[in-house]
Structure formats: C-alpha cells, structure tokens
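The values are calculated or read from the model by the stated rules, or taken from the named source; none is laboratory data. Computed from a predicted structure; not experimentally measured. Cβ atoms come from the backbone with ideal geometry, glycine included; neighbour counts cover every protein chain shown. Only protein heavy atoms, including side chains, enter the accessible area calculation; ligands, DNA and RNA are left aside. Shrake-Rupley method; radii C 1.70, N 1.55, O 1.52, S 1.80 Å.
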Amino acid sequence: MKEDPPMEWWKEGVVKDAPKPIPIRPPVSNSFNSLGPESYLRPEQQMSFQDSVENVFRNFLNFRDRASRSEFWWFQLFCLIVITTADFIDIILFVFPVFSTIALLLLSLPNLAVTVRRLHDIGYSGWLLLLLLIPFLGSLFFIVALILMIQDGNPQINQYGKVPSNKVVR
C-alpha cells in the first residue's frame, strides 16, 4: 500500500477555501524606536563632577540649549560646597560676609543658565522661573520645579535642541 506524502497545510494554496494568511510584523525591539526618526537615546554615562563644572562655566551665557540631569545636579553640589566654604571662612574671620557674597554673585549667572537649560531638557521654557518671584506661590512653584528637575529629560529632539551628550565641548 502506497502512502500519500504528508500535506504541508501551512503553505498557501494547499487547502482549498482556506483563508489567506495575515502577515504579522515582529514587535519593535526598542520602545524608543517608536518615537519616530528624530528619537535618540539618553546618554548612557553620567557627566563627571569636573566635566559638569567646566561645562557650566563654559556655557554660562548659553540659555538656548539643554543640560542633562547629571550636569545640573553636579553643579548644584559644586555651588553648595563653594558657598558653604565661603560662609565658613567668613565665620572664622568674624567679618561681614564678604567671601560668601562674592561666591553667590559669581555663581548666580551660571546657576541660572544651567537651570534654564535643565528646564529646556524636560520640555519647559526657562521663563517658567519667573513664577518663583510671585509672593507665596513662588514657594509652591519651587517644590514643583524641584520635582521637575529630578525627572529624566526628553529622549528625543525637542524645540530647544538635541539631546545632551554629557561630553564637554572643548
């Protein structure tokens, strides 16, 4: 007795009146690819303490681009260290707070610039900082701004520029 060859039922056209197969696309392997052609990943490494301070002082008049979270927070730590040291020197010398006033004045413009660039990184305008000047509501906005600064930035190009690379441009 002769056996029939096995039927390959999964092939199209083998079974009569069978529905046509539905093509299935493989799932997207990376969720960032679904954001479109302008999507980029966030930087893989953090900016170092020295690179952050150097980059902020190089860009102290730059209010247009974006600053990464590590650049912003390392510079905030630098400001805290400098102002605390200046206060300590003023206390030891028993003088009017000369050193802390100088330190505060020298760090205010770079700090404002990096804060505006950090707001740009999360997709907000730097003009939002003016809300801090409103009596009573400014303190509430300070808490909101602090929470915003903790968040990771946009992983794609936004209206304020490219994703920060966490590399110092020399």
Filtered residues of the stretch 54-82 (kept if of a type in the set (A, V, I, L, M) and open to solvent by 20 Å² or more (accessible area, probe 1.4 Å)):
L61, L77, L80, I81, V82
Kindly indicate whether any position in the stretch 143-155 is more than 26 Å from E44 (Cβ to Cβ), assigned to a helix (DSSP H, G or I) and not small (G, A, S).
yes
When residues of the stretch 116-139 are filtered for being part of a helix (DSSP H, G or I) and either in contact (Cβ under 8 Å) with a residue 60 or more places away in the chain or open to solvent by 100 Å² or more (accessible area, probe 1.4 Å) (or both), how many remain?
4
Give the stretch 85-115 a look and list any residue that's open to solvent by 90 Å² or more (accessible area, probe 1.4 Å), touching a residue at least 12 places away in the same chain (Cβ under 8 Å) and within 29 Å of the chain's Cα centre (by Cα), or say none.
L104
Residues of the stretch 142-170 being without any contact (Cβ under 8 Å) to a residue 12 or more places away in the chain and either among the acidic types (D, E) or surrounded by 10 or more Cβ atoms within 10 Å (Cβ to Cβ) (or both), which ones?
F142, V144
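Residue-by-condition table, conditions (1) modelled with pLDDT of 90 or more; (2) over 17 Å from Q156 (Cα atoms); (3) of a type in the set (K, R):
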| site | (1), (2), (3) |
| --- | --- |
| D17 | no, yes, no |
| N30 | no, no, no |
| E54 | yes, yes, no |
| E71 | yes, yes, no |
| L80 | yes, yes, no |
